[in-house]
Amino acid sequence: LRESERRMEQALRTSRSFTFEWERDTDLVRRSASSAEVPGGSGDEAVNGTGQRYLERLHPDDREALLARLSGLTPQAPGYAGHVYRVLRDDGSEVTLEGRLASVDTAP
């Protein structure tokens, strides 16, 4: 399992990608370690944060469109692909991301 996780993280870094899980009820976000290299972040916040903190880092010109995409998620439309938006890094620079999201129902 550890070897598989190491290979997955290496593949994510190589492709300049990252994954995340967001628990809507608690607003807790867990990201792959590669997220520190792509949208930026430092320390524990790079891999453990909140959805609110991530939304605060969205470029102001892109925030409304991404929020509309997120609020449009339903059981019938549980994800999206190809949404391009910008995130502000801690150093003030910005990075352009292409988001792909798939909702996972964790209810028993």
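The values are calculated or read from the model by the stated rules, or taken from the named source; none is laboratory data. Quick caveat, the model's predicted, so the values are computed rather than measured. Cβ atoms come from the backbone with ideal geometry, glycine included; neighbour counts cover every protein chain shown. Accessible surface areas use protein heavy atoms only, side chains included; no ligands, DNA or RNA. Shrake-Rupley method; radii C 1.70, N 1.55, O 1.52, S 1.80 Å.
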## Note on the structure
Residue-normalised value, i.e. accessible area per residue, for the chain at 1.4 Å probe, in Å², stands at 69 Å²
### Query
Once both labels are modelled 7 Å past Cα along the beta-carbon direction, what's the ALA68-ARG30 spacing in nm?
3.4 nm
### Summary
In the chain the accessible area split gives carbon plus sulfur, as whole percent at 1.4 Å, a share of 51 percent
## Note on the structure
Expressed in angstrom and ordered largest first, the alpha-carbon extents of the range 1-80 along the principal axes are 37, 29, 25
### Query
With the contact rule set at Cα under 8 Å and sequence spacing of 6 or more, what percent relative contact order holds for the chain?
18 percent
### Query
Helix-derived [θ] at 222 nm for the chain: sum -39500 (n - 2.57) over DSSP H runs of at least 4, divide by residue count, nearest 500?
-8500 deg cm²/dmol
